[in-house]
Amino acid sequence: MVSAEACTVTDDQWQRIAPLIPAPGHGGRRRALAMRDVVNAILYLQHTNCGWRDLPRHFPKPSSVRTYYDRWRKDGTWERIHALLQR
């Protein structure tokens, strides 16, 4: 089994990724989740190929992670993040 630590972004990687994360919408609630935790959860899912429901409990709720992942895939954010991490 892959450890969650093996799928976390480093401080240096996060410094480069953070500007790619879209800002929250105007007039909405403040984000309750740390976006770094969401990115780490997505990386864990992709690295382990586990199902959304099998996401370990120390990550945000799978439904929340899925919402961000779907949104970021649709608007191209995840592709940019992934490309940056591959460099």
Exercise. Is segment 55-63 home to any residue that is more than 16 Å from Met35 (Cα to Cα), among the aromatic types (Phe, Trp, Tyr) and in contact with a helix residue (DSSP H, G or I) (Cβ under 7 Å, 6 or more places away or on another chain)?
Worked result: no
Exercise. For segment 41-52, how many residues meet the condition of being crowded, with 21+ Cβ neighbours inside 10 Å and either in contact with a strand residue (DSSP E or B) (Cβ under 9 Å, 6 or more places away or on another chain) or aliphatic (A, V, I, L, M) (or both)?
Worked result: 2
Exercise. Tally time: how many residues in segment 36-87 are modelled with pLDDT of 95 or more, of a type in the set (S, T, N, Q) and closer than 18 Å to Pro19 by Cα?
Worked result: 2
Exercise. If we keep just the residues of segment 30-40 that are in contact with a Pro (Cβ under 6 Å, 6 or more places away or on another chain) and without any contact (Cβ under 8 Å) to a residue 24 or more places away in the chain, which is surrounded by the most Cβ atoms within 10 Å (Cβ to Cβ)?
Worked result: Asp37
Exercise. Residues of segment 41-87 being under 13 Å from Val9 (Cβ atoms) and touching a residue at least 60 places away in the same chain (Cβ under 8 Å), which ones?
Worked result: Ile81, Leu84, Leu85
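The values are calculated or read from the model by the stated rules, or taken from the named source; none is laboratory data. Here the structure is a predicted model, which is why all the values come from computation and not from measurement. Positions of Cβ are generated from backbone atoms using ideal geometry, with glycine treated the same way; all protein chains shown enter the neighbour counts.
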